[in-house]
Structure formats: structure tokens, C-alpha cells
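Data first, discussion second: the structure below is written as C-alpha cells.
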Amino acid sequence: MRETPLSNCEREFILNFIAQQKRLDGRNAYDYRDLRIAFGVSLGCCHVELGKTRVLAQVSCEVGEPKQTRPHDGVLYVNVELSPMACPSFEQGRQSEEGIELSRLMERCLKESRCLDMESLCIVSGEKAWHVRVDIHVLNHEGNILDCASIAAISALAHFRRPDVSVHGEEITIHTLEDRNPVPLSLHHMPLLVSFAFFSQGKFMLVDPSSKEEKVMEGKMVVGMNKHRELCTLQVTGQMLLLKEQVLRCSSIALTKVTKITELIHEALDKDKQARLKGEKHGFAMLVSGDRVTANRLPTTEVKVDTLEISDEMERSQSSSEDGESQSGNEPMEEQIVATPKESAVEILTKGVGVIGEGGTSTWLDIPQADSKQTAAKKRKHKLEKMEEGIDDEGSSEEEEKVILK
Amino acid sequence: MSVDIRLASSRPAGTDLYHGENPGNIVTPGDVITADSGFMRGHGTYMEDECLHASVAGTVERVNKLISVRPLKTRYNGEIGDVVIGRIRELAQKRWKVETHSRMDSVLMLSSVNLPGGELRRRSEEDEKMMRHYLKEGDLISAEVQNVMSDGCLSLHTRSLKYGKLGQGCLVCISPSLVLRRKTHFHNLPIGASIILGNNGFIWISPTVQDKSEESGGYETNLQPIPKLDREVIARLRNCVLALAECKMLLFDTCILYAYEASLKYAVKDLLKPEVAVEVVDLVRQRLELEGS
């Protein structure tokens with residue numbers, strides 16, 4: 001099913017906003033979204049969340065014949081699966097253009113950068129070698145699948161252990177997992193892809209575009225680097241021309257990002273290793289926190305409200321109400337709220353509803369008759385999705401507004 | 001800016017919202033409809049282990065020997081004669097592809113629109129090249145379904161003067177199942193706004209055009225600035241429509257008008273709060289029941 005297209009006014013709004021050096025979710029131009037890396041119980045399974053985009057990578061291996069042209073090397077397959085689970089516009093089975101582009105970029109990133117030592121995957125030259133397969137499944141598409149997929153693939157390759165092989169003269173034994181501990185793959189370095197979205201013919205650039213920003217972008221550049229300042233991949237798509245300085249600047253930005261992300265990957269790998277050594281709980285069960293009713297977890301958003309500090313009681317009552325406590329549990333909470341009117345700036349309207357701060361005045365302009373249609377009223381769309389918060393829409397644009405109710 | 005905080009436990013429970021009678025034949029995916037094998041399967045059902053199961057959530061409908069399940073929440077399924085509001089997605093050979101929130105893009109043929117110079121003019125090469133000047137990507141149009149093709153794709157036409165490109169106004173997208181098929185879908189409300197209830201769930205609210213004689217079939221869009229009072233009326237109507245849709249009320253001009261009148265005592269932006277919305281819809285429901293009895 002095809003996606004709903006963005007309305008004209010939404011498109012204009014996002015482009016105007018970007019021209020003012022702001023982003024819809026409040027990030028800076030060079031900020032990544034929250035990155036979470038988790039490993040599964042089975043070796044070589046990695047789940048990465050970049051904001052709401054989720055990608056799962058699984059590495060597997062089997063013994064097969066090496067390629068005729070390279071008898072001393074193993075074989076690496078990379079495959080990116082786009083299913084309707086990620087986005088309704090992806091079709092099952094058929095490889096869309098986007099899917100083919102993603103697969104090719106991932107292949108180039110992993111194979112041509114020679115991050116994996118292919119010679120170590122050879123068992124008997126010309127006869128037997130390891131075929132390593134990286135399957136990348138996109139679970140949710142909220143923009144920038146490529147970065148997420150590259151992080152997942154590299155983490156999975158670093159996490160994976162292949163069965164140990166011992167050669168005694170003519171005899172080759174492939175040990176089972178019970179026989180001998182499996183051996184990690186030899187990764188020389190970790191190439192990671194960083195995506196840049198360009199707007200207004202290259203004037204504005206954003207790192208890690210979300211899905212709305214991807215829909216209005218004019219061009220995209222993908223830079224593959226590792227933390228040793230080595231450039232592995234470079235690809236520019238879209239209808240735009242870039243200056244040399246821009247390309248150089250993007251690669252230096254990519255370097256800082258890649259260094260940070262590589263640290264995160266190593267941290268996550270270490271944590272998983274420690275958990276396995278100590279025999280603690282590890283795997284995807286760690287992603288779901290056990291003391292909450294819902295599995296949904298949202299990052300905290302900072303809100304600038306023109307009042308005093310909110311007292312601790314309010315925060316506690318908020319967090320406990322998220323667990324859906326019973327009616328009796330609410331009584332003591334409300335008493336706490338009433339008991340400290342001076343510290344908290346929350347105005348209680350009715351039972352269970354509080355308001356902080358006052359809304360601003362309407363920003364609709366009183367148009368004099370002879371004015372043109374170009375006076376654009378600012379529309380501030382704050383998308384805070386916390387369950388207990390509602391933000392009033394202030395002002396509106398002149399021409400069209402669109403709200404989708406699910 | 002103001003921030004509203006609501007405790008999860010004080011939200012209205014589901015049973016408070018629905019006051020109608022329970023139809024009694026609602027099924028969810030996987031439910032067994034009947035174990036009798038004498039029925040023919042319709043849409044929304046599948047056969048497993050000699051029993052007929054429902055594959056969508058909805059109401060069971062039976063016509064003689066045909067059992068089908070009509071889903072409660074679905075993409076728009078077009079019928080001939082429906083009024084729809086759509087957005088031009090792309091231009092193709094002698095046609096526009098229009099997005100109408102259905103499973104496939106609808107098609108608006110070049111021969112189905114009113115071009116200036118008379119209705120019976122033959123479409124020439126020039127017309128094809130000028131297509132973008134008339135309707136381009138991102139424009140909103142109101143049209144009628146002329147034909148439903150075998151694969152479910154809708155063919156639209158804007159052959160009457162009341163259809164065509166939409167100018168200034170506000171679009172609200174709701175579920176298609178909340179808009180019934182009626183005699184007219186174009187309503188001029190007495191409060192100074194006009195509303196078009198598209199069968200595909202797109203509602204268009206615009207200020208009333210004063211000069212009826214100037215109807216040009218939507219060929220020219222009026223880009224005169226709209227006074228603030230009119231814009232407030234449109235914003236209030238939009239919030240009323242959203243409130244009605246949130247409480248799953250069927251939409252038609254009378255209930256939208258009642259909702260508008262019931263909402264006058266609140267500020268426009270307060271209508272977005274869930275408590276206020278529920279209150280307004282309750283008032284509308286009571287008034288409709290009074291009128292009905």
C-alpha cells in the first residue's frame with residue numbers, strides 16, 4: 001500500500017523550519033537520535049534502535065566451497081530485508097529499488113572496506129571455506145535505515161562466534177559448540193555509515209534524518225568511515241550539486257559520529273560479555289524492563305515552561321501513574337499535590353487533570369485587506385507523546401491543516 | 001506554552017463512551033462465525049477446519065447464503081456516485097493519480113475534468129502539456145467516483161461545476177466508516193463555513209463563497225485573505241469534527257452543527273482536551289436522541 005503523501009503546507013513548514021536551523025524533534029543539525037544496542041541470546045544476533053527505527057541483524061555461517069577466483073578466501077553475503085512490518089509501503093517478497101540500494105550500500109560497506117578477514121575463513125584452500133551470511137531485517141522504519149543497519153551488521157559480526165576448526169594433516173575437524181568454544185570472527189576495523197540529508201540545493205544539511213525529513217530532502221550523501229579516519233564508502237544521491245568543502249566537512253562530521261558510535265558498540269559488547277561470563281540474564285529480555293506494565297518507553301523531553309520548578313512529588317506521581325495504579329493509590333498522591341501548593345506550579349483543574357503554565361496568545365495575524373497571501377503564521381507543532389500530557393495547538397496556518405486519526 | 005498533565009486512572013473508561021445498543025454480532029479475527037458448511041464465504045472470512053472464521057474485526061452480515069464480515073476500520077472502498085476528496089500524487093499519461101486513502105491510487109482522467117473553453121472540446125496534445133498548470137502534485141480536489149475498475153481502482157471525474165480544485169480551507173482526515181452515504185455531501189452551514197463530507201473520510205472545511213454566480217468549477221482558486229472571524233469558525237468546526245470522530249459518532253451536517261453550538265461556551269483550543277470533547281459529544285448525542293424520539 002502506498003504511503004500517504006505529505007500535504008503542501010506540511011512540506012513547506014518543515015522546509016521553513018529547517019531553514020531556521022531547527023528540527024521537528026528539537027535536535028541540533030548534527031545530532032543523532034537515541035541509540036540503543038542489544039544482543040540476543042544466540043551469538044551474532046543484534047538489535048539496534050535509532051530513535052524509533054529498529055533493525056535486527058543476524059549472522060550465520062556454514063561450510064561451503066570458496067569462489068573459484070578466490071580460493072583462499074571465505075565468502076560473505078549481506079542481505080537487507082524490507083518487509084511490510086517496517087512500513088506499509090514496503091512490499092513483501094519483491095525487492096523494491098530502495099531495498100536494492102540498501103543492500104548494495106551495505107555490501108560495499110562490509111565487503112569493499114575489507115573489515116572482515118576473509119583469509120581466516122578459509123579451511124582448505126580451494127575446497128572448503130566458511131560462508132558467512134549477514135541478514136538484516138528492518139523492523140520499523142522511521143527514517144535512516146542505513147545507519148541503523150550498518151551499526152547492527154557490524155555489532156552482529158563482532159558478536160558472532162563461529163565453530164572452531166582444527167586441521168591434523170589431511171583430517172579436518174569442525175568442532176561442535178559443546179566440544180570447543182566457538183571462535184570470534186577477525187574484524188580488522190568497524191566501518192559505519194553516516195547519512196546526511198541536504199535541503200535547498202545543499203545549503204542546509206542534517207545528520208540522521210527522520211522519516212518526515214527524508215520525505216522532503218533533496219539529496220542524500222552516505223559516508224562510510226571507521227574510527228581510524230579511513231574512508232570506506234561514499235555515495236551521493238538526489239538532484240543536487242555539492243561543493244568540495246561540503247564533502248570534506250561531512251567526512252569530518254562523520255568521523256566524530258563514527259568514533260562515538262564505535263565506543264558505544266564496544267561498551268555494549270563488553271556488557272554482554274560480562275553478563276555471559278557471570279551467568280547473569282542477557283539477551284533481548286533485558287530490553288523489556290520488568291517492573292512496568294507497558295513495554296513502551298519514551299525518551300524524556302525537556303519542556304520550557306515559564307514557571308517555577310516542579311516539585312519531586314509531581315514527578316513521582318507521574319511515574320507511578322504510568323504503571324496504572326488502582327484508584328486507592330491515587331488518593332495519597334493527590335493529597336501530596338494539594339499539600340504543597342507553594343512548591344509545585346501545577347494548577348489542578350478537575351480530578352486527575354493538572355495544568356502547568358499558561359498558553360500564549362493567538363499568533364494569527366489580523367490581515368489588512370490589501371495584504372498578500374504570503375504572510376505565513378508560525379505553526380508550532382510540539383509532538384510530545386507522553387500519555388498524560390496534552391499540548392494545545394497554537395495558531396494555525398492560513399491554507400491547510402491535516403490531522404490523521406488512527 | 002501550557003502543559004496538561006492527566007493521570008492515567010482518571011481517563012474515561014471505554015464503556016462511558018458508547019451508549020448505543022450492542023449489535024451483538026461483532027466478531028474479531030479468528031472468531032468462529034458458524035460451523036455450518038452450507039454458507040458461501042464473503043469478504044472478511046476464511047475457512048479452516050470446516051468452520052467459517054472471521055479475518056477482520058467487524059459486524060457479520062448475511063445475505064441469503066452469503067456470509068461476509070464488514071470491517072469497522074478499513075481503507076476506503078469506493079462505490080459509484082461517492083463524493084471523495086483527494087490529493088494529486090503524480091501526473092501520468094493523460095491522467096492524474098489521486099490519493100484517496102483507499103488501497104490503490106485513484107485515477108482522474110484528463111477527459112473527465114472540465115477544461116476552459118467548453119465541455120465538449122477535444123483533448124489535444126496541448127492539453128496534455130498543460131496538465132500541470134491545472135492540477136499539480138499536492139493539490140486537493142473534490143470529485144465523484146465515476147467507475148470502479150476490476151482491480152478495485154477508482155476512476156474519478158470532476159465534470160460538474162461544484163467539483164474541482166479546492167482553495168483555502170482546512171482538511172480533516174478521519175475513518176471512512178464514519179461518513180454515511182447521503183443525498184448531498186456539500187453543505188453550506190449558516191455560520192459562515194461550508195463543509196464537504198468526503199466518503200473516503202476526508203472532510204473539507206472552507207469559508208462560504210459569497211458569489212454563487214462565480215462558480216468556475218474550481219478552476220481558479222480564490223487566494224484572498226480570509227478574515228479572522230471566519231478562520232475561528234473554521235478552526236472550531238475542525239475541532240468539533242475531531243471530537244465527534246474521536247467518540248466514533250457518525251458524521252452528517254446536523255450533528256456537526258449541534259456540536260458547533262454546544263461548543264460555543266468553550267474556547268476553540270479547549271475543544272482539543274479529551275474531557276471537553278467527551279462533554280460536547282454527550283450533549284450532541286442527547287440532542288439527537290431528543291429529536292429522534
Task: Residue among B:GLN93, B:GLN224, B:GLN168 with the largest mean-square fluctuation in a Gaussian network model of chain B, springs linking Cα atoms under 10 Å - done: B:GLN224
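How large is the accessible surface per residue of segment B:30-147, computed with a 1.4 Å probe and reported in Å² as a whole number?
55
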TODO: Quantify, in whole percent, the carbon and sulfur part of the accessible surface of segment A:26-179 (1.4 Å probe; protein heavy atoms only).
DONE: 46
Open item on the list: Could you put B:LEU223, A:LEU248, A:LEU50 in order of accessible surface area, largest first, with the 1.4 Å probe and the full protein assembly present?
Closed with: A:LEU248, B:LEU223, A:LEU50
Open item on the list: At 1.4 Å probe radius, can you tell me the per residue accessible area of segment A:1-154 in Å²?
Closed with: 47
Open item on the list: If I compute solvent accessible area with a 1.4 Å probe over the protein chains, what percent of it on chain B is carbon and sulfur?
Closed with: 51
TODO: Can you list which of the trypsin sites (Lys or Arg not before Pro) found in segment A:96-204 are DSSP loop residues with at most 15 other C-beta atoms within 10 Å?
DONE: A:ARG114, A:ARG180, A:LYS203
Task: Chains A and B together, accessible area buried on both sides, 1.4 angstrom probe, square angstrom - done: 4700
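For A:TRP364, B:TRP204, give the ranking by accessible area with the largest first, probe 1.4 Å.
Most to least solvent-accessible, the answer reads A:TRP364, B:TRP204.
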- [ ] Starting from the amide H of B:LEU66, placed 1.01 Å from N in the peptide plane, find each other amide H under 5 Å away whose residue is 5 or more places distant or on another chain.
- [x] B:MET40
Task: Cα pair distances in chain B, grouped into 5 Å bins until the bin that holds the longest one, percent each - done: 1, 5, 10, 13, 14, 14, 13, 11, 9, 6, 3, 2, 0, 0
Open item on the list: Could you give each residue of segment A:137-151 its phi-based ³J(HN,Hα) in whole Hz, using Karplus coefficients 6.51, -1.76, 1.60 with θ = phi - 60°, and x for Gly or Pro?
Closed with: 10, 8, 8, 8, 10, 10, x, 6, 5, 5, 4, 4, 5, 5, 5
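Rank these residues by their accessible area, most exposed first, probe 1.4 Å: A:LYS67, A:LYS257, B:LYS183.
Largest accessible area first, the residues go B:LYS183, A:LYS67, A:LYS257.
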Task: Backbone HN-Hα couplings from phi across segment A:257-271 [Karplus 6.51/-1.76/1.60, Hz, Gly and Pro as x] - done: 5, 5, 4, 5, 5, 4, 4, 4, 4, 5, 4, 5, 5, 5, 4
Open item on the list: Which entries of A:LYS52/A:LYS260; A:LYS351/B:LYS269; A:LYS215/B:LYS269; A:LYS351/B:LYS273 have Cα-Cα distances beyond 23 Å here?
Closed with: A:LYS215/B:LYS269
Task: With all protein chains modelled, accessible area of A:ARG36 [1.4 Å, Å²] - done: 80
- [ ] Within segment A:199-223, find all residues whose amide N lies under 13 Å from a label point positioned 7 Å from the Cα of A:LYS260 along Cα-to-beta-carbon.
- [x] A:207-208
Task: Dipole magnitude of segment B:163-293 about its Cα centre (Cβ charges: Lys, Arg +1; Asp, Glu -1), debye to nearest 20 - done: 200
TODO: Would you tell me the accessible area of A:SER150, worked out with a 1.4 angstrom probe on the heavy atoms of the protein chains, in Å² to the nearest 10?
DONE: 0
Open item on the list: Solvent-accessible area of B:ASP230, probe 1.4 Å, all protein chains present, reported in Å² to the nearest ten, please.
Closed with: 50
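Under a 1.4 Å probe, what is the accessible area of segment A:193-289 per residue, stated in Å²? Could the numbers behind the result be given before it?
Details: 5190 Å² over 97 residues.
Each residue of segment A:193-289 exposes 53 Å² on average to a 1.4 Å probe.
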Open item on the list: Just to check, using Stokes-Einstein with a Kirkwood Rh over alpha carbon pairs, what's the diffusion coefficient of segment B:24-125 at 37 °C and 0.692 mPa s in µm²/s?
Closed with: 194
Task: Loop GluC sites (Glu not before Pro), segment A:154-213, which have at most 16 other Cβ atoms in a 10 Å radius of their Cβ (DSSP) - done: A:GLU170, A:GLU178
Open item on the list: Can you tell me which of B:VAL113, B:VAL268, B:VAL69 moves the most in a GNM of chain B? Springs connect C-alpha atoms under 10 Å apart.
Closed with: B:VAL69
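Ignoring everything except DSSP H segments at least 4 long, calculate the 222 nm mean residue ellipticity for chain B; use -39,500 (n - 2.57) per segment, divide by total residues, nearest 500.
-6500 deg cm²/dmol
The values are calculated or read from the model by the stated rules, or taken from the named source; none is laboratory data. Note that the structure is a prediction, hence the values are computed from the model and not measured. Ideal geometry is used to build each Cβ from the backbone, glycine not excepted, and the neighbour counts take in all protein chains shown. Areas reflect the complete protein model, heavy atoms only, side chains present, ligands, DNA and RNA absent. Shrake-Rupley method; radii C 1.70, N 1.55, O 1.52, S 1.80 Å.
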